[in-house]
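The values are calculated or read from the model by the stated rules, or taken from the named source; none is laboratory data. The structure displayed is predicted, hence computed values, not measured ones. Here the Cβ positions follow ideal geometry from the backbone for every residue, glycine too, while neighbour counts run over all protein chains shown.
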Amino acid sequence: MPSLATDKVDYWEPENLWIGPRAADLIHLGAKFAPCMRKDEKIFRHIEEQRRAERETGCCIRNDDSGCVQSSRRECSSRLSVWKKWSELAKGPDGRLSGSVCGQDPNYCKEPASVPPHEWPDDITQWPICKKRVAVSAVRKINAAEHMACEVIGHPCCIGIHGECSITTREYCNFVRGYFHEEATLCSQCCTLAYIPDQ
């Protein structure tokens, strides 16, 4: 989770065998990329592992009201933050167990609305991107929806050409030359080989 502390970061990018543009740039320019033409088992297995891990995430809300980010319990500092995850003991809206998601909730999304027969499933990795939310000022009054009242400081960043995704800040995403999805709250909503944005 972003903080005011200085952090040294780096990333590894495979070099081009023929000394030229990055592989991601070549693909965006129209170069043929095998995983886009046929199912690559290794990549799809990796994406499924990411989704499995994402199902176990919750909303990590900073105690000082400096924001929130979707993370695992391990990544959420218990001293500086509160981790909100629905469970058998603390069920979400309509008895949901999958969630909570920072900045997204079926009860606070107007478009697409979670209404019969198009109810959102009890699996956050299958939730759509919420295009129209209930106003934040109205949400702040309801204590049960803390994950909706906080400022979301991390969004999905698609990195590289193999479906890698990380919930992070725009600055870090730009540093690793990723594609930042400000409209999304979860990696499963955008970072798949089926979703290739124009850059």
Looking only at residues that are surrounded by 12 or more Cβ atoms within 10 Å (Cβ to Cβ) and modelled with pLDDT of 75 or more in the range 32-47, which one is nearest to the chain's Cα centre (by Cα)?
ILE47
Take SER81 and tell me if it is among the polar types (S, T, N, Q) and either more than 22 Å from ALA184 (Cβ to Cβ) or without any contact (Cβ under 8 Å) to a residue 40 or more places away in the chain (or both).
no
Take PRO128 and tell me if it is assigned to a strand (DSSP E or B) and at pLDDT 90 or above.
no
Condition set among the charged types (D, E, K, R) and either in contact with a strand residue (DSSP E or B) (Cβ under 7 Å, 6 or more places away or on another chain) or in contact (Cβ under 8 Å) with a residue 40 or more places away in the chain (or both), scope the range 7-39, selection farthest from PRO121 (Cα to Cα): answer is ARG22
Quick check: is even one residue across the range 166-176 closer than 19 Å to ASP65 by Cβ, modelled with pLDDT of 90 or more and assigned to a loop (DSSP other than H, G, I, E, B)?
yes
Return the only residue of SER114, SER98 being without any contact (Cβ under 8 Å) to a residue 12 or more places away in the chain, of a type in the set (Ser, Thr, Tyr) and part of a loop (DSSP other than H, G, I, E, B).
SER114
